[in-house]
């Protein structure tokens with residue numbers, strides 16, 4: 001069987017929604033073939049947390065690792081996609097209906113956010129509670145991925161979800177598009193850029209279906 005690829009990255013475009021206060025995404029042409037230049041060339045302007053991106057621990061913890069220091073192993077390997085029916089608020093283990101969340105060491109949570117208008121910032125979304133982070137840590141989860149833009153509510157200053165995941169050794173992947181992905185097990189690749197001192201990075205996140213067992 002041919003293994004299927006799912007591109008679970010958000011498309012970056014001018015006018016897309018960004019976190020309130022972040023720099024808007026811009027793609028500015030600086031040379032063009034039609035203008036007589038020898039190449040087409042553009043300049044990108046964007047926040048490190050635009051679209052589908054990872055949070056380095058330094059993003060929310062002064063002593064946290066920056067991008068060039070994070071272990072890339074968390075961003076490549078087996079992943080489980082699980083849909084939740086809850087549309088907003090903190091997620092607890094009970095919101096997963098008794099499903100085994102330890103089938104893979106990377107958990108990707110699919111919610112209504114995958115179908116939201118990408119031109120509008122939606123402040124209502126689901127995010128992991130500290131209770132869920134503790135539960136996932138005990139299961140050996142190394143990465144928590146979400147189609148939501150954050151691990152906490154927009155107005156949060158303490159960021160309990162972010163810090164609980166960090167305490168449990170769980171890296172953060174935000175802004176996924178899981179709309180076309182059925183629940184199940186996959187191989188995930190979502191590698192960040194190697195930015196010295198970086199607090200976050202957009203990624204091209206891809207899932208590959210697993211081969212059928214003989």
Among the residues in the stretch 163-175, are any farther than 17 Å from residue 12 by Cβ, assigned to a loop (DSSP other than H, G, I, E, B) and touching a strand residue (DSSP E or B) at 6+ places or on another chain (Cβ under 6 Å)? yes
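Is there a residue being surrounded by 12 or more Cβ atoms within 10 Å (Cβ to Cβ), free of Cβ contacts under 8 Å to residues at least 60 places away in the same chain and closer than 14 Å to residue 170 by Cβ anywhere in the stretch 56-71? Outline the logic, then answer.
Taking the stretch 56-71 and keeping what is surrounded by 12 or more Cβ atoms within 10 Å (Cβ to Cβ), we get 56-61, 64-70.
Still in the list and also free of Cβ contacts under 8 Å to residues at least 60 places away in the same chain: 65, 69.
If we keep only those that are closer than 14 Å to residue 170 by Cβ as well, we get 65.
Within the stretch 56-71, one or more residues are surrounded by 12 or more Cβ atoms within 10 Å (Cβ to Cβ), free of Cβ contacts under 8 Å to residues at least 60 places away in the same chain and closer than 14 Å to residue 170 by Cβ.
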For the stretch 126-139, does any single residue satisfy the condition of being crowded, with 20+ Cβ neighbours inside 10 Å, within 18 Å of residue 10 (Cβ to Cβ), in contact (Cβ under 8 Å) with a residue 24 or more places away in the chain and in contact with a strand residue (DSSP E or B) (Cβ under 8 Å, 6 or more places away or on another chain)? yes
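Of all residues in the stretch 176-214, which are part of a strand (DSSP E or B) and either over 13 Å from the mean Cα position of the chain (by Cα) or over 14 Å from residue 106 (Cβ atoms) (or both)? Steps first, answer last, please.
Restricting attention to the stretch 176-214, the residues satisfying the condition of being part of a strand (DSSP E or B) are 184-189, 200-202, 206-209.
Answer for the stretch 176-214, where residues must be part of a strand (DSSP E or B) and either over 13 Å from the mean Cα position of the chain (by Cα) or over 14 Å from residue 106 (Cβ atoms) (or both): 184, 185, 186, 187, 200, 201, 202, 208, 209.
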Here the residues within the stretch 1-48 that are exposed (fewer than 10 other Cβ atoms within 10 Å of the Cβ), more than 25 Å from the chain's Cα centre (by Cα) and more than 26 Å from residue 182 (Cβ to Cβ) are 34, 35, 36, 38, 39
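Against the condition surrounded by fewer than 17 Cβ atoms within 10 Å (Cβ to Cβ) and more than 16 Å from the chain's Cα centre (by Cα), how does residue 164 come out, does it pass? Walk me through it before giving the result.
Details: surrounded by fewer than 17 Cβ atoms within 10 Å (Cβ to Cβ): no; more than 16 Å from the chain's Cα centre (by Cα): yes.
No: the conditions fail for residue 164.
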- request: Go through the residues of the stretch 77-90 one by one and say whether even a single one is closer than 26 Å to residue 193 by Cα and assigned to a loop (DSSP other than H, G, I, E, B).
  value: no
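A short reminder: the numbers here are calculations on the coordinates, not readings from a lab. Please read all numbers here as calculations on a predicted model, not as lab measurements. For neighbour counting, all protein chains shown are included, and Cβ atoms are generated from backbone atoms with ideal geometry for every residue, glycine included.
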